[in-house]
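Single-structure report; data block below.
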Amino acid sequence: MPGWSEHVGTAVALPRDNIDTDQLIPARFMSTPRAQGYGNFLLHDLRRDAHDALDETFPLNTCPDASILVAGRNFGSGSSREAAVYALLDAGFRVVIAPSFGDIFAANAVNNGLLPAQVTPEVAADLAELLASGPREMTVTLESREILCGATRVSFDVKDGWRTKLINGWDDIDLTLDHAARIAAFRDDRRSAAPWAWPRRPGAQYAR
Amino acid sequence: MTAPRTLLDKLWSAHEILRRADGTSLLWVDRHLVHEGSHHAFAKLAERGSAVAEPGLTFAVADHYAPTRARGLAQLPQIARMISTLRDNAARHGLRLFDLDDAEQGIVHVIGPELGLTVPGLLITCGDSHTSTHGALGTLAFGIGATEVAHVLATQTIWQTKPAAMRITIEGALGPGVSAKDIALNWIARLGTGGARGHAVEYSGSAVRALSMEARMTLCNLSIEGGARFGMIAPDEVTLAYVEGRPFAPAGADLERARDAWAELRSDADAAFDREVALDAAEIAPTATWGTSPDQAVPVTGTIPDPDMLPADKAETARAALDYMGLRAGQPIAGTRVDQVFIGSCTNGRIEDLRAAASVLAGRRATVPGMVSPGSAQVKAQAEREGLDRVFVQAGLDWVASGCSMCVGMNGDVVASGQRCASSTNRNFRGRQGPGARTHLMSPAMVAAAAVAGEITDVRPFLAGRAA
């Protein structure tokens with residue numbers, strides 16, 4: 001996954017609280033292989049009417065080029081489905097700005113290069129207000145943790161480790177394998193100090 | 001003298017391999033549980049050409065897509081593909097798979113404790129947010145996403161930032177007809193769905209100590225609905241009695257050593273928590289949700305709130321929820337007509353849950369259709385030995401096979417658009433049980449009462465003269 005340090009894109013507001021991952025991608029789409037693209041599943045049932053037609057007034061439908069989403073509190077709560085992040089990415093989003101995020105969603109986002117940019121409720125409301133009349137260009141800078149929209153410049157929060165990872169585009173598995181010797185030593189120590197932590201009836205031997 | 005430590009501190013340090021300068025810890029994973037939904041992670045592993053690091057600590061189960069009406073997959077190509085992908089991945093990596101026809105199959109968070117795969121002191125991960133369930137046995141158990149699942153498969157470790165410690169203390173005795181589900185819905189209603197975000201919740205107090213192991217699982221299961229990735233309860237005699245003798249749990253000399261280690265798994269008396277919340281068990285009534293988020297819950301004796309009377313930040317969400325749910329503000333929640341009921345899920349699909357529902361339904365008829373899906377094949381067999389299946393069937397409900405079923409709707413068990421379902425599950429999100437479905441969360445006993453009455457109703461009068 002490529003790293004990035006600054007993103008310039010079109011921002012759209014969806015100022016609703018508690019957009020859970022079941023709304024971001026309904027479960028019935030999750031058996032689809034990723035290669036087929038998840039963009040059309042994003043907020044599928046909110047964007048469409050009962051006859052599956054796109055609701056022209058829904059914010060995301062007014063701006064198919066948007067790459068920055070300004071949302072309400074507790075964005076991405078609920079299910080751990082990483083497919084919610086795939087749906088955002090495949091629909092073109094690189095940044096979600098919200099007052100708070102579901103813990104698992106935020107980790108999944110960072111693992112895929114999508115920034116969960118946390119702002120205060122006041123800043124989120126101000127940004128949504130700026131977008132009330134329609135989408136606008138925004139610049140999001142990881143190093144300075146700043147969002148620029150016209151003359152408005154605000155700060156966002158993201159954990160240090162997550163920021164570093166986004167900038168470098170790190171793959172955690174590669175990083176972890178650098179510690180293989182320490183992991184092996186830890187495993188051996190645990191095996192002798194806590195043999196009860198291993199399943200009594202071996203799992204793998206029962207494989208069919 | 002060492003500083004007093006919380007249960008979280010003890011579990012964390014026991015699994016910490018190293019800590020980076022930015023504060024992120026690399027943690028050892030004792031058990032990794034995978035299911036059909038883990039296909040993205042296996043695909044990532046295949047891309048890298050990596051093997052599963054610890055097949056002996058990795059267990060696979062078919063649950064999310066498990067058909068419940070008939071196990072045959074011939075008519076269900078999409079589901080068949082999900083299950084065959086899991087079979088292929090388990091076979092390729094030599095994993096023990098609990099397949100559809102396995103006597104030990106079931107919902108991942110039901111079979112973990114049931115089989116003794118979950119024992120105190122472990123760190124357990126699974127690509128499912130309700131992994132917090134396993135914390136009921138004094139484990140560090142948390143849900144992870146697909147990239148993290150791939151990471152655990154490849155390395156048997158996971159990078160995590162230590163959460164803040166939060167304690168929810170519930171003192172006193174629960175009233176008749178009040179369950180762990182009601183405790184959970186109460187604290188979530190009080191603190192909000194994001195109330196425990198960034199925290200690991202430890203449940204304590206006399207009301208928690210008095211809960212059975214299964215009820216503790218229900219309580220920890222719902223931690224994520226309050227935003228907490230982790231929920232946990234210190235192991236005690238109830239825990240030990242539950243664990244002993246289960247097929248994967250330690251025995252003999254290992255069990256003796258384990259008992260010593262497990263005795264240390266409790267927060268020290270003076271340990272400091274970042275946040276403390278106290279609840280009085282006696283004040284908790286049977287509870288039901290009215291909205292589209294688990295914190296939108298009221299006692300069954302209460303009324304559906306008026307958004308105009310709520311704080312501004314909650315009013316708009318409440319208005320949208322009432323609109324979706326087709327409900328009127330200010331009406332009593334009791335008396336809300338339901339179209340169907342569902343009993344099951346990792347939250348409330350265990351044998352005690354089925355007994356509680358059956359104690360309400362015995363000798364009565366449901367006036368609406370519904371289904372009962374036991375949490376595992378073993379729970380199903382046990383229920384049938386006890387004759388609970390006959391109670392459900394005689395009441396007019398469908399008795400089906402185990403799986404995640406109508407909690408998440410992936411297997412085709414869905415609630416039709418606009419239909420209202422009284423459900424013993426964990427999420428009343430928009431569309432969770434199917435597009436346009438209207439879900440009211442409540443305890444299994446409350447669901448059973450709703451089935452009889454055809455509307456949301458207080459279960460307590462139904463229990464008069466019966467063993468609850």
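The values are calculated or read from the model by the stated rules, or taken from the named source; none is laboratory data. Remember, it's a predicted structure, so these values are computed and weren't measured experimentally. Positions of Cβ are generated from backbone atoms using ideal geometry, with glycine treated the same way; all protein chains shown enter the neighbour counts. Heads up: the accessible areas ignore ligands, DNA and RNA and are worked out on the full protein's heavy atoms, side chains in. Shrake-Rupley method; radii C 1.70, N 1.55, O 1.52, S 1.80 Å.
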Check: Filtering segment A:159-202 down to residues that are under 33 Å from the mean Cα position of the chain (by Cα) and of a type in the set (Phe, Trp, Tyr), which residue is farthest from residue A:114 (Cα to Cα)?
Finding: A:186
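Can you find a residue that is in contact (Cβ under 8 Å) with a residue 40 or more places away in the chain, in contact with a strand residue (DSSP E or B) (Cβ under 6 Å, 6 or more places away or on another chain), more than 14 Å from every other protein chain (Cβ to nearest Cβ) and open to solvent by less than 10 Å² (accessible area, probe 1.4 Å) anywhere in segment B:425-441? Full working, then the answer.
Kept after step one, since they are in contact (Cβ under 8 Å) with a residue 40 or more places away in the chain, are these residues of segment B:425-441: B:425-430, B:433, B:438-441.
This time we only want the ones that are in contact with a strand residue (DSSP E or B) (Cβ under 6 Å, 6 or more places away or on another chain), so: B:428, B:433, B:438-441.
Going one step further and asking which of them are more than 14 Å from every other protein chain (Cβ to nearest Cβ), we end up with B:440.
Subsequent filtering for residues that are open to solvent by less than 10 Å² (accessible area, probe 1.4 Å) retains B:440.
Yes; the residues of segment B:425-441 include at least one that is in contact (Cβ under 8 Å) with a residue 40 or more places away in the chain, in contact with a strand residue (DSSP E or B) (Cβ under 6 Å, 6 or more places away or on another chain), more than 14 Å from every other protein chain (Cβ to nearest Cβ) and open to solvent by less than 10 Å² (accessible area, probe 1.4 Å).
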Next item on the list: Tell me which of these residue B:221 doesn't satisfy, since it passes every other one: (1) open to solvent by less than 20 Å² (accessible area, probe 1.4 Å); (2) over 27 Å from residue A:100 (Cα atoms).
Entry: (2)
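Report yes if residue B:52 is assigned to a loop (DSSP other than H, G, I, E, B), closer than 18 Å to residue B:90 by Cβ, open to solvent by less than 30 Å² (accessible area, probe 1.4 Å) and at pLDDT 95 or above, otherwise no. I'd like the intermediate steps shown before the answer.
Details: assigned to a loop (DSSP other than H, G, I, E, B): yes; closer than 18 Å to residue B:90 by Cβ: yes; open to solvent by less than 30 Å² (accessible area, probe 1.4 Å): yes; at pLDDT 95 or above: yes.
Against the criterion (assigned to a loop (DSSP other than H, G, I, E, B), closer than 18 Å to residue B:90 by Cβ, open to solvent by less than 30 Å² (accessible area, probe 1.4 Å) and at pLDDT 95 or above), residue B:52 qualifies.
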Next item on the list: Taking only segment A:1-50 into account, find how many residues are acidic (Asp, Glu) and facing chain B (nearest Cβ under 8 Å).
Entry: 4
Margin query: Of all residues being surrounded by 23 or more Cβ atoms within 10 Å (Cβ to Cβ) and part of a loop (DSSP other than H, G, I, E, B) in segment B:55-104, which is nearest to the other protein chains (Cβ to nearest Cβ)? Just the residue, please.
Written below: B:95
Item checked: Counted residues, segment B:215-229 - those being within 14 Å of chain A (Cβ to nearest Cβ), on the phi < 0 side of the Ramachandran plot and of a type outside the set (Lys, Arg) -> 7
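Could you check how many residues of segment B:118-151 are of a type in the set (A, V, I, L, M, F, W, C) and open to solvent by 10 Å² or more (accessible area, probe 1.4 Å)? Spell out how you get there, then give the answer.
The initial filter retains those residues of segment B:118-151 that are of a type in the set (A, V, I, L, M, F, W, C), namely B:119, B:122-124, B:126, B:136-137, B:140-142, B:144, B:146, B:149-150.
The next check asks that each one be open to solvent by 10 Å² or more (accessible area, probe 1.4 Å); those that pass are B:146.
So the count comes out to 1.
Going through segment A:8-26 one residue at a time, which ones are touching a residue at least 40 places away in the same chain (Cβ under 8 Å), out of contact with any Ser or Thr (no Cβ under 7 Å at 6 or more places or on another chain) and not β-branched (Val, Ile, Thr)? Spell out the reasoning first.
Taking segment A:8-26 and keeping what is touching a residue at least 40 places away in the same chain (Cβ under 8 Å), we get A:8-22, A:24-25.
Subset that is out of contact with any Ser or Thr (no Cβ under 7 Å at 6 or more places or on another chain): A:11-16, A:19, A:24-25.
Answer for segment A:8-26, where residues must be touching a residue at least 40 places away in the same chain (Cβ under 8 Å), out of contact with any Ser or Thr (no Cβ under 7 Å at 6 or more places or on another chain) and not β-branched (Val, Ile, Thr): A:11, A:13, A:14, A:15, A:16, A:24.
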Notebook entry, point to check: Which condition number in (1) surrounded by fewer than 20 Cβ atoms within 10 Å (Cβ to Cβ); (2) in contact with a strand residue (DSSP E or B) (Cβ under 7 Å, 6 or more places away or on another chain) is the one that residue B:302 fails?
Noted result: (2)
Note to self: Any residue that is small (Gly, Ala, Ser) and in contact (Cβ under 8 Å) with a residue 60 or more places away in the chain - is there at least one of those in segment A:190-204?
What the structure shows: no
Item checked: Subset of segment B:253-273 [among the small types (Gly, Ala, Ser) and at the interface with another protein chain (Cβ under 9 Å from one of its Cβ atoms)] -> B:253, B:258, B:261
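Among the residues of segment B:37-54, write down those that are at the interface with chain A (Cβ under 10 Å from one of its Cβ atoms) and touching a residue at least 60 places away in the same chain (Cβ under 8 Å).
To start, the set of residues in segment B:37-54 that are at the interface with chain A (Cβ under 10 Å from one of its Cβ atoms) comprises B:37, B:39-41, B:43-45, B:48, B:50, B:52-54.
Hits for segment B:37-54 are B:37, B:40, B:41, B:44, B:45, B:48, B:50, B:52, B:53, B:54.
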Checklist line | So residue A:117, is it touching an Asp or Glu at 6+ places or on another chain (Cβ under 8 Å) and within 11 Å of chain B (Cβ to nearest Cβ) | finding: no
Next item on the list: Would you check if there is a residue in segment B:447-466 being within 14 Å of another protein chain (Cβ to nearest Cβ) and either in a strand (DSSP E or B) or over 15 Å from residue B:346 (Cα atoms) (or both)?
Entry: no
Check: Mind checking whether some residue in segment A:174-185 is at the interface with chain B (Cβ under 8 Å from one of its Cβ atoms), among the polar types (S, T, N, Q), free of Cβ contacts under 8 Å to residues at least 40 places away in the same chain and part of a helix (DSSP H, G or I)?
Finding: yes
Notebook entry, point to check: In the list A:137, A:129, A:146, which residue meets the criterion of being over 21 Å from the mean Cα position of the chain (by Cα), more than 12 Å from chain B (Cβ to nearest Cβ) and of a type outside the set (Gly, Ala, Ser)?
Noted result: A:129
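I'd like to check something: does segment B:306-318 contain any residue that is closer than 16 Å to residue B:443 by Cβ and either touching a strand residue (DSSP E or B) at 6+ places or on another chain (Cβ under 8 Å) or away from chain A (no Cβ under 14 Å) (or both)? Full working, then the answer.
To start, the set of residues in segment B:306-318 that are closer than 16 Å to residue B:443 by Cβ comprises none.
No - not one qualifying residue is present in segment B:306-318.
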Check: Which residue pairs have Cβ atoms closer than 9 Å, lie 6 or more positions apart in sequence or on different chains, and pair a first residue in segment B:193-214 that is on the phi > 0 side of the Ramachandran plot with a second residue that is assigned to a helix (DSSP H, G or I)?
Finding: B:198/A:103; B:205/B:281
Next item on the list: List the number of the failed condition for residue A:122; all other conditions in (1) open to solvent by 10 Å² or more (accessible area, probe 1.4 Å); (2) in a loop (DSSP other than H, G, I, E, B); (3) not β-branched (Val, Ile, Thr) hold.
Entry: (2)
Checklist line | One residue from B:357, B:271 being open to solvent by less than 50 Å² (accessible area, probe 1.4 Å), touching a helix residue (DSSP H, G or I) at 6+ places or on another chain (Cβ under 8 Å) and over 22 Å from residue B:407 (Cβ atoms) | finding: B:271
Check: If you go through segment A:49-67 one residue at a time, do you hit one that is under 12 Å from the mean Cα position of the chain (by Cα) and touching a residue at least 12 places away in the same chain (Cβ under 8 Å)?
Finding: no
Item checked: Condition broken by residue B:282, with the remaining ones in (1) assigned by TED's automatic domain parsing to the domain that holds residue B:445; (2) part of a helix (DSSP H, G or I) satisfied -> (1)
Note to self: Of all residues being touching a residue at least 60 places away in the same chain (Cβ under 8 Å) and among the β-branched types (Val, Ile, Thr) in segment B:1-22, which is farthest from the other protein chains (Cβ to nearest Cβ)? Just the residue, please.
What the structure shows: B:6
